[in-house]
Amino acid sequence: LLQQLDTRALPFFDRIHPKLLYHYYDPEAEYSIPYFWGLYGLGIDRTCCHNRPVSHSWDAIFDEHAVFYKIGMINNAREAVLLASWYLFGSIEQLDVAKLTQVKDLLIKQKKWVQAYTDLAPDYLLLSGSSPVVVGLSSDILQAHRAESMLEFVLPQEGTFMVIDAMAIPRTSTKAVLVYEFLKYVYRPEILQYHADRFSLFSPIKDGVLTHHTQQAFSW
């Protein structure tokens, strides 16, 4: 359903960070161009937990012995299942009926300490004091950190998932020439820099457009 890209028409293509290319959905990087990206992690309000530290692990949202607060949980069934599977098994591969039953049981148990399920407002839960620990994308939590420095973004020690937004051209499009002009515009350094700064997004470019948070993200 997609056109093969003409990378010769994309002068910025060789500056795309290689970690964002050649994934399972486009193993030869022929049909999509990584745009902005982010990481799932934990947003933690350091002031709400006093002398009892929050675990920098997925235990912080899944282990009833580690959770002593109400959490904000993602409201996406697929991604909730993937996070729970990663927590239980260290893998998201070969999820048979027995494993999925364990995942279901864990997510049902977790509901007892969930304040709200949301993909759109984890930063609000933190800033309002409704939940001192939330699951969310780096961009949302880092936006909250800009408003209140006591809020931190933590990558759980077991690892996490990357989310990559990508550009692609439908095969039926007759506007490819205009699309390439548009892409050259949105990947201009000053345009990427604006959106990276404004929305705490991680840039796809391996040099030039690197905010402090993007530098951290590449090291993660």
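The values are calculated or read from the model by the stated rules, or taken from the named source; none is laboratory data. Because the structure is a prediction, the values reported are computed rather than measured. With ideal geometry, Cβ positions are generated from the backbone for all residues, glycine too; neighbour counts draw on all protein chains shown. Side chains included, ligands, DNA and RNA excluded: accessible areas come from the protein's heavy atoms. Shrake-Rupley method; radii C 1.70, N 1.55, O 1.52, S 1.80 Å.
In the complete set of protein chains, residue-level accessible area for His56 is approximately 80 Å², probe 1.4 angstrom. Within the assembled protein chains, the solvent-accessible surface assigned to Glu190 is about 90 Å², based on a 1.4 Å probe.
Compute the helix-to-body angle for 189-199: its Cα long axis versus the longest principal axis of the chain, expressed 0 to 90° and rounded to tens. Helix 189-199 and the main axis of the chain meet at about 20 degrees. Among the GluC sites (Glu not before Pro) in segment 22-102, those placed in a DSSP loop whose Cβ has at most 16 other Cβ atoms within 10 Å are Glu28, Glu30, Glu64, Glu93.
Of all DSSP beta bridges in the chain, what percent run antiparallel (nearest 5)? Please list the in-between numbers first.
Details: 17 of 22 bridges.
Approximately 75 percent, going by the DSSP bridge assignments.
When the chain is treated as a GNM with alpha-carbon contacts under 10 Å, the residue of Asp197, Asp96, Asp140 showing the greatest mean-square fluctuation is Asp96.
For segment 1-96, a simple Cβ point-charge model (Lys and Arg +1, Asp and Glu -1, everything else neutral) yields a dipole of about 440 debye relative to the Cα centre. Surface listing: Leu10, Leu88, Leu107 arranged by accessible area from highest to lowest gives Leu88, Leu107, Leu10, probe 1.4 Å.
The charge dipole of segment 74-114, taken about its Cα centre with unit charges on the Cβ atoms of Lys, Arg (+1), Asp and Glu (-1) only, comes to about 240 debye. Solvent-accessible area of segment 84-138 (1.4 angstrom probe, protein heavy atoms only): carbon and sulfur portion equals 57 percent. Among Ser55, Ser138, Ser128, determine the one that fluctuates most according to a GNM of the chain built with springs between C-alpha atoms less than 10 Å apart. It is Ser128. Rounded to the nearest 20, the Cβ-based charge dipole of the chain about its Cα centre (Lys and Arg +1, Asp and Glu -1) stands at 260 debye. Think of a 1.4 Å ball rolled over the protein heavy atoms: the chain then has 54 Å² of accessible area per residue. In the chain, taking the dipole from charged Cβ atoms about the Cα centre, the farthest positive-side position among Ala29, Ala77, Ile164 is held by Ala77.
With R₀ fixed at 22 Å, the C-beta to C-beta distance from Thr172 to Arg8 puts the FRET efficiency at about 0.50. Considering only Val135, Val154, Val186, the mean-square fluctuation computed in a Gaussian network model of the chain, springs between alpha carbons under 10 angstrom, is largest for Val186. Of the chymotrypsin sites (Phe, Trp or Tyr not before Pro) found in segment 31-78, those that fall in a DSSP loop while having at most 14 other beta-carbon atoms within 10 Å are Phe68. Ordering Ile108, Ile61, Ile164 by accessible surface, largest first, gives Ile108, Ile164, Ile61; the 1.4 Å probe counts only protein heavy atoms, with every chain in place.
In sequence order, segment 95-106 has phi-based couplings of 7, 7, 4, 5, 5, 5, 5, 5, 4, 4, 4, 5 Hz under the Karplus curve 6.51 cos²θ - 1.76 cosθ + 1.60, θ = phi - 60°, and Gly or Pro positions carry x. Extents of segment 72-220, taken as max minus min of Cα coordinates on every principal axis and listed largest first, are 51, 42, 26 Å. Helical content of the chain, expressed as a calculated mean residue ellipticity at 222 nm, amounts to -10000 deg cm²/dmol (DSSP H runs of 4 or more residues, -39,500 (n - 2.57) each, divided by residue number, nearest 500).
The distance from the alpha carbon centre of segment 145-177 to that of segment 1-65 is 5 Å, rounded to a whole number. Here the contact order of the chain, divided by its residue count and restricted to Cα pairs under 8 Å and six or more residues apart, works out to 34 percent. FRET efficiency for the pair Tyr124 and Glu79, taken as 1/(1 + (r/R0)^6) with r the Cβ-Cβ distance and R0 = 22 Å, rounds to 0.70. Extension gain, Asp96 to Phe182: 0.36 nm times the residue separation minus the Cα-Cα distance gives 26.6 nm. Restriction of the chymotrypsin sites (Phe, Trp or Tyr not before Pro) in segment 160-192 to DSSP coil positions whose beta-carbon has at most 14 other beta-carbons within 10 angstrom yields Phe161. Positive-end ranking of Phe153, Val97, Ala116 along the dipole of the chain, with charges on Cβ about the Cα centre, is headed by Ala116.
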